[in-house]
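Structure record follows, encoded as C-alpha cells.
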Amino acid sequence: MSRKYLTQGLFVSFMAVALATGCAGPSASSPDKIQRALALDTRDSVDQYMLGATDVVRVSVWRNEDLSISVPVRPDGKISVPLVGDVQASGRTPEELASSIRASLAEYIREPQVSVVVTSMGSHEFTDRVRVTGAVRQPVSIPHRSGMTVLDMFLNAGGANEFAALNRSMLYRKVGNEVVAIPVKLDDILSKGQVETNYSMRPGDILTIPERSF
C-alpha cells in the first residue's frame, strides 16, 4: 500500500476521533499535554520538507545536462538517477538527497555539483492540510500556510451556524501517536476580543465546533 493511501487512512481515523469526541461533548487533554502540543513549531518550514512517494523532483547536475532529470519518487521510496541507479529519496530532505547523489556521482565525475528541487509535493497532499468541522456554515480542508490561526480557519468556514457552541470548540493536534485536544474559546475571541486561544495552526490540525446541547 502506498504512503498516500496510508496517509488517507490515518486522516480518516484522526477525523473519526475528533468528530466522535465532539458529538459526545469535547473533553480537553491534560494541561501538560496541551502545553507540549502548543510548543510545537507551527511555521511552514520549507527547508525541512521530507520527500515521499508521488513527489516529483528535479535533479540538476551542473555542466552535465544529460545527468539532470525530473522524476517522481516511486512507491518504494526511490528514484533512478543516471550512472548512479536507484537512490533512496523518501524520508529525506531535498538537501540530503542531493548530498547522497553527489557522493555517488563522485566516483564518475570530479567534484559534482548537484541540486534537488521539489516540483510537485504530492506526498503531503493530506498531511499538510488544516480542517474545520462541526457547527460551521461550510466545513473546509485547505493547505496550511505560515501564520494561519484558529480565527482564520473559522472565517474560511463561513463562520458558525445557529447551533454552534463556540466556547466549547476544540483544536485537535497530533503529537507523536496521540491526538491532543486543546480548548478554544471562539466566542470570547469574536465577541470580547480575548485572543489568548487564537492559536497558530499546524499542518494536520483539525478545529471542531460542537453544537449546543438542547
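Here r is the Cβ-Cβ distance between S30 and E95 and R0 is 30 Å; the resulting FRET efficiency, rounded to 0.05, is 0.20.
Sparse packing (at most 14 other Cβ atoms within 10 Å of the Cβ) combined with a DSSP loop state is found for the following chymotrypsin sites (Phe, Trp or Tyr not before Pro) in the stretch 125-200: F163.
Taking label points 7 Å from Cα along the Cα-to-Cβ direction, E162 and D128 give a separation of 4.1 nm. Sparsely packed loop sites in the stretch 109-203 (the trypsin sites (Lys or Arg not before Pro) outside DSSP H, G, I, E and B with at most 13 other Cβ atoms within 10 Å) comprise R110, R137, R145. If each Cα of the stretch 55-123 is one equal point scatterer, what is log10 of I(q)/I(0) from the Debye formula at q = 0.16, 0.17, 0.20, 0.26 Å⁻¹? The calculated log intensity ratios at q = 0.16, 0.17, 0.20, 0.26 Å⁻¹ are -0.46, -0.52, -0.72, -1.24. For a modelled paramagnetic label at R63, 7 Å from Cα along Cα-to-Cβ, the residues of the stretch 72-112 in reach, with backbone nitrogen under 13 Å, are 109-112.
The simple Förster model, with R0 at 30 Å and r as the Cβ-Cβ distance, assigns S80 and S141 a FRET efficiency of 0.35.
Counting Lys and Arg as +1 and Asp and Glu as -1 over every other residue whose Cβ lies under 14 Å from the Cβ of W62, the net charge comes to +1.
Values quoted throughout were computed directly from the atomic coordinates according to the rules given, and no laboratory measurement underlies them. Computed from a predicted model, the values in this text were never measured in an experiment. Every residue, glycine among them, receives a Cβ derived from its backbone with ideal geometry; neighbour counts consider all protein chains shown.
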